[in-house]
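The values are calculated or read from the model by the stated rules, or taken from the named source; none is laboratory data. Owing to the predicted nature of the structure, the values given are computational and were not obtained by experimental measurement. Every residue, glycine among them, receives a Cβ derived from its backbone with ideal geometry; neighbour counts consider all protein chains shown.
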Amino acid sequence: MAVKIAIWGKIIGGGIGFMVGKWPGLVLGVILGSAFDRKARKGEKASYDAFQSSAIQTTFSRCTFLIMGKLAKADGTVKAQEIEAARQIMERLRLNEAHRLDAMKLFNEGKEEGFDIDSCLKELKDSIGRRVTLSQFFIELQLQIAYSDGNLTSGEKRVLQSICRVLGINRIQFEIINQRIAAQWKFSSYQRHNQRTNTLPLEQAYKILGVGSSVSDADLKKAYRRLMSQHHPDKLAAKGLPEEMMSIAKEKSQNIQLAYESVKKVRKSRGS
C-alpha cells in the first residue's frame, strides 16, 4: 500500500487563480495549492503509518502466542513450567479476559501437530520488514518460554533456529541474545530465593549487558546505551510493538539499567 501523492491542490488552486487573476492568479493559486497538497500528504502518511502499525501489532501478537505454543511442544510434551511461563507472560501483558482467552487459543493452536511454523514466521517477517529491534524482541520473548525450565532442549533449539533463519538473526546475534536472556532468567530465579533483592550478581550483570568482564568503561557505557535504545518502550512502540507488550519492554529496560548500575558500583568500589 503506497501513500498517494496529493496534486489536486495545485490543479484546483491554479485553475481558480487563472480565472480570477489570469497568469498572476495562476501562479498564486499554484503556490497556495502546493501548501494544501503538503498538508494532505502529511495527513495521508499519518493515516498510512497508523494503519501499518496496527497491522504489525496484530501479526506480532498473533505469532508470539502461536510460536510460544510450538516451543512448548517442541520436545513432544508440554511441561507445567512452560504453561506457567506462558500464563505469567499473559499476566504481565495485562490482557483482559477476552484477549487472554484468545492468547491461550493461539498457544494451543501452536501446539498442534499440523501447525505450519514457517508460514507463520514468513507472515511475521513480511509484516515487520527490516525492523531489527522487533525481530530481536520477538526472539527474546520466545527464549523466555524456552528457559522456563532452566535450559534449552534440542527441540527448542530447532524451533529457535527456524525463527532466526526466517527473521534474519545470525548465529552470533542469537548467542548474544541467548546469553542475555539466560542471565535474566538466572537473576529472576535468584530474586525469588533472596527476597527480590535489587543486587544483581556480577556475572549475570555482564551477560545481560552482552559484554565480558574485561570490557573498558567506555565500551561498557556504549553497550548499555545501545541496549537501552533497542529496548526503549517508546522506540519499540514506534516500530509497531503491540501496546500490551510495553510492560515487558519496560521490565527489560529496568533489568538493563540494574545490570549497568551493578557493574558500575563494583568497578567504583574496586577503584577507590
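Name the one entry in 21, 9 that is farther than 20 Å from residue 141 by Cα, surrounded by 19 or more Cβ atoms within 10 Å (Cβ to Cβ) and modelled with pLDDT under 80.
Just a single option satisfies the conditions, and that option is 9.
For residue 187, only one of the following conditions fails: (1) within 25 Å of residue 126 (Cβ to Cβ); (2) touching a helix residue (DSSP H, G or I) at 6+ places or on another chain (Cβ under 8 Å). What is its number?
Evaluating residue 187 over (1) within 25 Å of residue 126 (Cβ to Cβ); (2) touching a helix residue (DSSP H, G or I) at 6+ places or on another chain (Cβ under 8 Å) leaves (1) as the failure.
I want to confirm something. Restricting to region 235-272 and keeping residues that are more than 19 Å from residue 92 (Cα to Cα) and of a type in the set (Ser, Thr, Tyr), which single residue is nearest to the chain's Cα centre (by Cα)?
The extreme case among them is 260.
Anything in region 75-101 that is of a type in the set (A, V, I, L, M, F, W, C) and either modelled with pLDDT of 75 or more or loosely packed, with under 15 Cβ neighbours inside 10 Å (or both)? List them, or say none.
78, 80, 83, 85, 86, 89, 90, 98, 101
Among the listed residues 95, 101, 121, which satisfies the condition of being in contact with an Asp or Glu (Cβ under 8 Å, 6 or more places away or on another chain), farther than 28 Å from residue 223 by Cα and among the hydrophobic types (A, V, I, L, M, F, W, C)?
95
List, please: which pairs have Cβ atoms under 9 Å, are six or more places apart or on different chains, and start with a residue in region 112-125 that is of a type in the set (A, V, I, L, M, F, W, C) and end with one that is assigned to a loop (DSSP other than H, G, I, E, B) and surrounded by 13 or more Cβ atoms within 10 Å (Cβ to Cβ)?
Listed pairs, sorted by first residue: 115/73.
For region 77-101, what are the residues that are without any contact (Cβ under 8 Å) to a residue 24 or more places away in the chain and either closer than 29 Å to residue 234 by Cβ or not in a helix (DSSP H, G or I) (or both)?
77, 87, 88, 90, 91, 96, 97, 98, 100
Could you please let me know if residue 223 is touching a helix residue (DSSP H, G or I) at 6+ places or on another chain (Cβ under 7 Å), closer than 20 Å to residue 251 by Cα and modelled with pLDDT of 90 or more?
Yes.
Any idea which of (1) assigned to a helix (DSSP H, G or I); (2) loosely packed, with under 14 Cβ neighbours inside 10 Å; (3) at pLDDT below 85 is the one residue 197 doesn't satisfy?
(1)
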